[in-house]
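All remarks here apply to the structure that follows.
Derivation of every value follows stated rules applied to the coordinates shown; laboratory data play no part. What you are looking at is a predicted structure, and each value in this text was computed from that prediction instead of being measured. When we count neighbours, we look across all protein chains shown, and the Cβ atoms used for this are built from the backbone with ideal geometry, even at glycine.
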Amino acid sequence: MDTISGIFKGSRVGWLISLILLALLATLPVYGSLYMVILITAIIMYIVITVSWTMFSGPTGYISLAPAAFFGVGIYTMAELGGKLPLLSVVVAAGLISFIIALIVGALTLRLRGIYFAIFTFGLVELIKHLLLFWEITITGTRGRFVVLEENTTIFWVMLGIFVVLMLTTYFIRNSKYGVALQSIGENEEAAAHTGVNVTLVKVITFGISAVFMGAAGAIMATRWTYVDPYVAFNPLFSFLPVLMAIFGGMSQLYGPVIGAAIFAYTEEILLTEFPYWYMLTFGVILVLVILYLPNGLVGLIPRLTRKWRKGGSTEQHANT
């Protein structure tokens, strides 16, 4: 009973801290500078892409390199529909289009495993990028699109709303039967299928849901840029960085990818500003150290420190006795 009550107490504390942080974020444009608003918007964008990636790839073990594809689809949706429809309608449309594409791709590819799935999903990014390039150069005779700009505070609040919906969705999936099914797929896919889990359907639906938030994030972020083209929209970094951020933060807890993406994105901003020629090398060194000494990410460091603190306290108590 003490253990159960402790769990519920910890859960209430976690929700309280989350609400306080959310309130501080929601009021940031009131007390923060414009630079801070822009910086936090970029950090939240990376968090959204990373948590979306982790929603599917974390429990299943399928390494998807498709985030840049869905993010780019969102960017181009805004470029085509921005100014013609209300802003939120375009953001929702970008999420739905990404969801449909993810369903089609997932139904075709989620029977592949390991490196084959990773290569195919990265190939999806290049396929969409070059199809758009072909269409623009040969059919429309232009390359790229102009985007209707929005105020930075508007972009911030929409991105924050996407983040809140994503976190709630991820939380409920993790604590539902679908979360259990995803975890069982990652542990032993054949055993999960034998126990009655519709493995392909669960994977495809979750893959589609994760794509919704990537597309929505791409749509609202596009309104910060005056001009976009396929090379800007389908930048491969948007596929690789979420993977690195999730590994850096750790995927065993819901807040792991959030912490990893936030620290990683802020570090990138500082390094790009102060050391533009060294930041990729610095990132490489950090990742090597994390993989070698923190295989479970920053989240995995917390239990180790807790055990060390308890062991130290116990040793000190015995010494005093």
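In whole angstrom, and with the biggest value first, how far do the Cα coordinates of segment 37-86 range along each principal axis?
Reported extents, whole Å, longest axis first: 40, 25, 15.
Tell me whether segment 33-311 comes out rounded, prolate or oblate; compute the Cα gyration tensor, take square roots of the eigenvalues as a ≥ b ≥ c, and use a/c under 1.5 as the rounded threshold. Mind showing how you got there, number by number?
Working: a/c = 1.67, a/b = 1.21, b/c = 1.38.
Oblate, because a/c is 1.5 or more while a/b does not exceed b/c.
Taking the simple approach of a point 7 Å from Cα along Cα-to-Cβ for both Thr200 and Glu187, what is their distance in nm?
It is 2.5 nm.
Would you please state which residues of segment 206-220 a label at Glu136 would reach in this model, taking the label point 7 Å out along Cα→Cβ and a backbone N cut-off of under 12 Å?
The answer is none.
Let's see if you can work this out: charge +1 on each Lys and Arg Cβ, -1 on each Asp and Glu Cβ, no other charges. What is the dipole magnitude of the chain about its Cα centre, in debye to the nearest 20? Display every interim value, and only then the final one.
On the way: 17 positive and 14 negative charges, 139 e Å.
Roughly 660 debye for the chain.
Please give me, ordered by residue number, the chymotrypsin sites (Phe, Trp or Tyr not before Pro) of segment 179-285 that lie in loop per DSSP and have at most 14 other Cβ atoms within 10 Å. List each step's numbers first, then the result.
On the way: sites: Phe207, Phe213, Trp225, Tyr227, Tyr231, Phe234, Phe238, Phe240, Phe248, Tyr255, Phe264, Tyr266, Tyr277, Trp278, Tyr279, Phe283; in loops: Trp225, Phe234, Tyr277, Trp278.
Qualifying residues, ordered by number: Tyr277, Trp278.
Which residues in segment 48-84 place their backbone N less than 18 Å from a point set 7 Å from the Cα of Val232 along the Cα-to-Cβ direction?
Label zone hits: 68-84.
Would you mind checking the tilt of helix 255-274 against the longest principal axis of the Cα atoms of the chain, expressed as 0 to 90 degrees and rounded to 10?
Value to nearest ten degrees: 60.
What is the helix-to-structure angle for 237-249, meaning the angle in degrees between its Cα long axis and the longest Cα principal axis of the chain, kept from 0 to 90 and rounded to the nearest 10?
10
Taking the chain as a Gaussian network, where each spring joins two C-alpha atoms under 10 Å apart, which residue of Ile259, Ile100, Ile49 fluctuates the most?
Ile100
Would you mind pulling out the separation of the Cα centroids of segment 257-273 and segment 85-107, in Å?
Going from one Cα centre to the other spans 27 Å.
Pull out the extension gain between Tyr116 and Glu274, defined as 0.36 nm times the separation in residues minus the alpha carbon to alpha carbon distance; nm, one decimal. Numbers along the way, then the final one.
Numbers: separation 158, 0.36 × 158 = 56.88 nm, distance 3.86 nm.
Full-extension gain reported as 53.0 nm.
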